[in-house]
C-alpha cells in the first residue's frame with residue numbers, strides 16, 4: 001500500500017475547499033488551529049473561523065448555538081478533550097437538543113504517544129455510543145477522510161468524526177463508494193474476517209496479506225461508521241467467515257468490538273471472536289507505533305491473534 | 001404593554017404556575033416565582049418573539065439556562081399562544097413533552113436546558129451568528145445565581161466579551177438561595193458585580209421583581225456599545241406568596257392542599273386589589 005498523507009491534513013484541505021464554497025461553514029477551535037492544521041483556513045477565511053481558547057465546554061456550547069441558527073459548524077479539538085471535558089455539552093447541547101454540529105476529534109487514539117494518558121482518547125467510542133442521537137465516523141485513510149468530511153456538511157444528525165495525525169497508507173481505490181453507515185468490504189475470506197475501524201484498517205489489510213501467504217483465507221471490513229453500525233455487514237462477515245476479529249485504536253471496552261459482539265450474540269451467532277484494542281490497565285508509555293505494537297495492533301500481531309484463534313478452535 | 005397590565009399578568013402567571021405545580025405535584029416553586037417578572041417583561045414588553053415569527057431568523061432569542069424554573073417559562077409561552085394552556089395539565093405525565101426542564105419539543109423553546117452552566121455558551125453562539133449574519137436580533141439568557149458556580153459560565157463570559165457581543169443580554173436571577181442554603185454560605189459569589197465587570201460585561205443592577213425597574217433597565221440595552229449587557233436582578237425566591245418567600249425549603253417543595261389554598265387566596269387578594277386600583281367594573 002502506498003503511503004498517503006495524514007488524515008488530519010486531508011481533513012484540513014477538504015474543509016478549506018468546502019469553506020470556500022459554503023460561506024455559512026464555520027470552524028470553531030480551542031487554541032487548536034495549529035494542531036488541527038487550520039492555520040491556512042484561518043488566513044484564507046478569517047471570517048469563518050471562531051477561536052474560543054482553551055475552553056472545550058464553551059467550544060461545544062458555542063458551536064451548538066452557532067449551528068442552531070443554520071450555520072454548518074465544525075468543532076475541532078483533540079479527541080481526548082473534546083469528548084471528555086465537554087461530554088455534557090455534547091450530550092445536552094448537541095445530541096439531546098438535536099443540533100447537527102460536526103464534532104471533529106483530532107489526534108485521536110494514542111496519536112499523542114509519549115504525551116500520555118491525559119492526551120489519549122481511548123474512551124470516546126464508548127462514551128459517545130451511549131449518547132442518544134449522535135453518529136460516529138472513524139475514517140481509515142485519506143479517501144475515507146475526504147468522503148466523510150464532504151458527507152458531513154449536510155448530514156442531518158449530530159456527528160463525531162475522529163482520526164489521527166500520522167500519515168496513513170491508501171486503503172481504498174478512489175472509485176470506491178462511500179456512504180456514512182455503510183461498511184466497505186475490502187476482502188472476503190472463509191477462515192477469518194477482521195472488522196477494523198479507523199487507522200487500524202491498513203494494519204488489518206497487511207495482516208491479511210501475511211495470513212493469505214500462510215494459506216489462511218482472510219477477509220477485511222473497514223467499519224468506518226461505528227454508529228449506526230452496519231449490522232448487515234457484520235452479519236455477512238460472521239456467515240462468510242468462521243472467526244471474527246475486531247480491531248480498533250480504543251479501549252477494548254465499549255467500542256467497535258463490543259458493538260459487533262453484542263449484535264452477533266443477539267443474532268444467535270457465536271463465532272470464535274476476539275476484540276483487539278487497548279486493554280484496561282495502566283497503559284504502557286511510548287510512541288504511537290510502540291504502544292500499538294506492544295498491544296499487538298500490528299500486521300504481525302493481528303496475524304498471530306488470528307492464527308491463535310483459528311488453531312485453538314480447530315486443533316490439527 | 002403598560003406596567004399595570006404587566007402587574008396583572010404577574011399575578012395570573014403565579015396562579016397558573018402554582019396550579020400546574022400542584023397538579024403535577026412537582027416543580028421548582030421557589031425559583032419559578034423569583035423570575036416571574038423577568039419573563040413577564042421579556043415576553044410582553046422587550047422581545048420580538050411570538051408564535052407567528054418563531055421561525056424568523058431575526059426573532060429575538062430567549063435561552064433559559066436555569067432550566068429548572070420551567071413552570072414559569074411554560075406558563076408564559078402558553079400565555080403568548082405557543083400552545084393551549086390546557087396542555088400544561090400534562091406536566092410531568094407519561095409521554096408529555098412538558099417535563100421538568102425546557103425541551104425544544106415544546107413550541108417556543110429555543111434550546112434544551114436543565115444541566116446548569118450550559119445556556120450562556122449556547123447564547124454566545126447564537127449572538128455571534130447574529131453578528132456574522134448582520135441580523136439585529138438580541139439573545140436574552142437567564143441564569144440562576146447558584147448556577148454561577150459552574151465554571152463553564154466564566155468560559156462563556158470570556159468569549160462574550162472577546163467577541164464584543166452587545167447583542168447578548170445576560171440576566172442573573174439573584175435570589176441568593178440555592179438548594180443547600182445561601183449562595184454565600186455554599187460557595188461565595190460576591191463581589192458579583194465586580195466579577196462580571198472584570199469579565200467585560202456592562203453591568204446594571206436592578207430589583208428583579210419590580211416591573212417598572214425592569215422595563216427601565218431593559219430599555220437601556222445595550223448598556224455599552226461593544227460589550228455584552230448583564231442585568232444583576234435582585235429577586236426574592238418564592239416571590240409573591242408570603243410563606244414561600246426567601247425560604248430555602250421551597251426550592252422544589254410543592255404545596256400541600258392547605259398551602260395551595262392559602263397561596264391562591266393571597267394571589268386572589270392581590271388580583272382584587274389590582275382590580276380596585278386599575279380595573280373597570
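Derivation of every value follows stated rules applied to the coordinates shown; laboratory data play no part. Note that the structure is predicted; figures quoted are calculated from it, not measured. All Cβ positions, glycine included, derive from the backbone under ideal geometry; neighbour counts span all protein chains shown.
Return the percentage of antiparallel bridges among DSSP beta bridges fully within the protein assembly as shown, rounded to the nearest 5 %.
Numbers: 11 of 68 bridges.
The antiparallel fraction comes to roughly 15 percent.
According to the Kirkwood expression over distinct Cα-Cα pairs, how big is the hydrodynamic radius of the protein assembly as shown, in Å?
Working: mean 1/r = 0.0383 Å⁻¹.
Answer for the protein assembly as shown: a Kirkwood hydrodynamic radius of 26.1 Å.
Which ordering of B:190, A:290 is given by a fewest-first count of other beta-carbon atoms within 10 Å?
B:190, A:290
What are the extents of the Cα atoms of the range A:184-313 along their three principal axes, in Å, largest first?
Principal-axis extents of the Cα atoms in the range A:184-313, largest first: 38, 34, 27 Å.
Principal axis extents for the range B:3-278, Cα atoms only, whole Å, descending order, please.
Extents along the principal axes, in whole Å: 52, 44, 42.
For the range A:1-58 and the range A:220-239, compute the distance between their C-alpha centroids and round to whole Å.
Measuring centre to centre over Cα atoms gives 30 Å.
Counting other beta carbons within 10 Å of each Cβ, put B:248, B:276 in order, fewest first. Don't skip to the end; give the middle numbers.
Numbers: B:248 16, B:276 9.
The order, fewest Cβ neighbours first, is B:276, B:248.
From zero outward in steps of 5 Å, how is the percent of C-alpha pairs of the range B:1-111 spread across the bins?
In order of increasing distance, the bins hold 2, 13, 25, 26, 21, 10, 3, 0 percent.
Only bridges whose two residues both fall in the range A:3-169 count here: according to DSSP, what percent of them are antiparallel, nearest 5?
Of those bridges, close to 15 percent are antiparallel.
Could you tell me the extents of chain A's C-alpha atoms along the three principal axes, largest first, rounded to whole Å?
Each principal axis gives a Cα extent; for chain A these are 66, 41, 36 Å.
Whole Å is fine, so just give me how far the alpha carbon centre of the range B:199-265 lies from that of the range B:48-88.
18 Å
Mind checking which of B:107, B:53, B:209 has the largest fluctuation in a GNM of chain B, springs on alpha carbons under 10 Å?
B:53
How do A:223, B:158 line up, fewest other C-beta atoms within 10 Å first?
The most exposed by this proxy come first: B:158, A:223.
For the range A:3-169, which semi-axes, largest first and in whole Å, follow from the square roots of 5 times the eigenvalues of its Cα gyration tensor?
Details: eigenvalues 80, 75, 46 Å².
In descending order the semi-axes read 20, 19, 15 Å.
Taking springs between alpha-carbon atoms closer than 10 angstrom, which of B:116, B:168, B:192 fluctuates most in the Gaussian network model of chain B?
The residue that fluctuates most here is B:192.
What's the Kirkwood radius of the range B:157-281 in Å, using all Cα pairs? Could you put the intermediate results ahead of the total?
Details: mean 1/r = 0.0591 Å⁻¹.
Taking every pair of different Cα atoms in the range B:157-281, averaging 1/r and inverting gives 16.9 Å.
Return P(r) of the range A:114-193 (all Cα-Cα pairs; 5 Å bins starting at 0; whole %; ordered from short to long distances).
Distribution as computed: 3, 11, 20, 19, 21, 15, 9, 2, 0 percent.
Name the residue, out of A:52, A:106, A:244, whose mean-square fluctuation peaks in a Gaussian network model built on chain A with Cα pairs under 10 Å.
Judging by the Gaussian network model, the answer is A:52.
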